[in-house]
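Chemist: One structure, as structure tokens, below. Some questions next.
The values are calculated or read from the model by the stated rules, or taken from the named source; none is laboratory data. Given the structure is predicted, the values throughout are model-derived calculations rather than measurements. Here the Cβ positions follow ideal geometry from the backbone for every residue, glycine too, while neighbour counts run over all protein chains shown.
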Amino acid sequence: MTVPASWYLVLAAVLFGIGAFGVLTRRSALIMFMCIELMLNAVNLTFVTFARTMSDIGGQTTVFFVMVVAAAEVTVGLGIVVAVFRRRESTSVDELSELQG
Amino acid sequence: MFATTYAIPDVLVFAGAALLIITGALGVIVMKNPVHSALSLILALLGVAVAFLAQNADFLAAVEIIVYAGAIVVLFLFVIMFLGVDKSNHPHVEPLVGQRWLAAMGVLVTMAGVITLMASSHWVSGVLSSSTGGVALATGAGNVTQLGDSVFTTYLLSFEATAGLLIIAVVGAVLLARRERPADSDDDVDVTGRVDGGGEEPEGEWWVVNEQTSEEVDS
């Protein structure tokens, strides 16, 4: 018998937790983007696990679209990081505080 | 104990994938150098690809390596090199008091809740979905066939929408990363105008010079 789905689900939960912790604590915008990628991959792993458990290809299709959206998000996000760096000479999110009241 | 319940190769594949994923993910958030973080991200993504392969998602495993490890991480590395590697992460400086502690507590509570929820749930399994025509998930080339059938029939509209999304993302990235000329300091405007006329800009950053050179070549 193959490995039960719950093992992969717990692994995905741990991966999501590590990514969330990184987003909350790291201050470099680039590292935060990488941690968002980790969280997206944790969700992808959950989708694939349920696709296997329920023999439903729809889960894998959803992962396909999540990957497309993630690629678009990284492209625009890194463009924003480059644009911000040109003005501020820094990628630290702590220094981007003009909008506070 | 597991040997009697689960097949040894499957357990080993899971353990390997879990090791890759956890090591890579921890590396992403621990490493000081962004380049090392990006390389750790590749490790985690390879682990996810192994987990995909072990669960009948062959096509997605290939896409994971090609798109994520091959394109997205390279894009990350390109931006890191472009902006210059800054190791200015001061672990001891904490702008928000208790931020790290609160983040750890929040993440732990959420993870414990999710895992408890999963442990107390019973998933429906063994039911064959109508989305695959009542057949089980296939492996290898069959997986590609099933996924292609699904994408190009059931989810055709979403697939077409992703084309528009990618075009918008590319245009947006070009617009964002382009240097805004009116945003320069005021005494630079005349110089910029002269550059548009075909002259050479005496001062400015190197990437600006490259951009204008490529534009001149294009025109």
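Chemist: What number of residues in segment B:7-46 are of a type in the set (S, T, N, Q) and surrounded by 18 or more Cβ atoms within 10 Å (Cβ to Cβ)?
Modeler: Number of matching residues: 2.
Chemist: The conditions are (1) facing another protein chain (nearest Cβ under 7 Å); (2) among the small types (Gly, Ala, Ser); (3) surrounded by fewer than 23 Cβ atoms within 10 Å (Cβ to Cβ), and residue A:19 fails exactly one of them. Which is it?
Modeler: (3)
Chemist: Taking only pairs six or more apart or across chains, which ones have beta-carbon atoms under 9 Å, a first residue in segment B:96-114 that is closer than 14 Å to residue A:13 by Cα, and a second residue that is of a type in the set (D, E, K, R) and at pLDDT 85 or above?
Modeler: Pairs that qualify, where the first residue is closer than 14 Å to residue A:13 by Cα and the partner is of a type in the set (D, E, K, R) and at pLDDT 85 or above: there are none.
Chemist: Any residue in segment A:72-91 that is within 7 Å of chain B (Cβ to nearest Cβ), in contact (Cβ under 8 Å) with a residue 60 or more places away in the chain and either more than 12 Å from the chain's Cα centre (by Cα) or not in a helix (DSSP H, G or I) (or both)?
Modeler: Yes; the residues of segment A:72-91 include at least one that is within 7 Å of chain B (Cβ to nearest Cβ), in contact (Cβ under 8 Å) with a residue 60 or more places away in the chain and either more than 12 Å from the chain's Cα centre (by Cα) or not in a helix (DSSP H, G or I) (or both).
Chemist: Here is a further query. For segment A:92-101, which residues satisfy the criterion of being part of a loop (DSSP other than H, G, I, E, B) and either closer than 20 Å to residue B:179 by Cβ or among the aliphatic types (A, V, I, L, M) (or both)?
Modeler: Residues satisfying the conditions are A:96, A:99.
Chemist: Please state which of the following conditions residue A:57 fails to meet, knowing it meets all the rest: (1) of a type in the set (A, V, I, L, M); (2) surrounded by fewer than 20 Cβ atoms within 10 Å (Cβ to Cβ); (3) at the interface with another protein chain (Cβ under 7 Å from one of its Cβ atoms).
Modeler: Single failed check for residue A:57: (2).
Chemist: Given the conditions (1) surrounded by fewer than 17 Cβ atoms within 10 Å (Cβ to Cβ); (2) facing chain B (nearest Cβ under 7 Å), which single one is not true for residue A:48?
Modeler: The failed condition is (1).
Chemist: Restricting attention to segment B:1-34, which residues are more than 10 Å from chain A (Cβ to nearest Cβ), in contact (Cβ under 8 Å) with a residue 12 or more places away in the chain and of a type in the set (A, V, I, L, M)?
Modeler: Result: B:19, B:20.
Chemist: Could you list all residues from segment B:114-153 that are within 26 Å of the chain's Cα centre (by Cα), exposed (fewer than 12 other Cβ atoms within 10 Å of the Cβ) and modelled with pLDDT of 90 or more?
Modeler: Listed by number, the list holds a single entry, B:152.
Chemist: Which pairs have Cβ atoms under 6 Å, sit 6 or more apart or on different chains, and link a residue in segment B:145-163 that is more than 7 Å from chain A (Cβ to nearest Cβ) to one that is surrounded by 13 or more Cβ atoms within 10 Å (Cβ to Cβ)?
Modeler: That search, which allows pairs on different chains as well, returns B:159/B:151.
Chemist: Now for a different question. Identify all residues within segment B:35-80 that are in contact (Cβ under 8 Å) with a residue 12 or more places away in the chain and touching an Asp or Glu at 6+ places or on another chain (Cβ under 8 Å); write none if there are none.
Modeler: Residues satisfying the conditions are B:41, B:45, B:48, B:49, B:52, B:54, B:68.
Chemist: Can you tell me which residues in segment A:60-71 are hydroxyl-bearing (Ser, Thr, Tyr) and at the interface with another protein chain (Cβ under 7 Å from one of its Cβ atoms)?
Modeler: A:61, the sole residue that qualifies.
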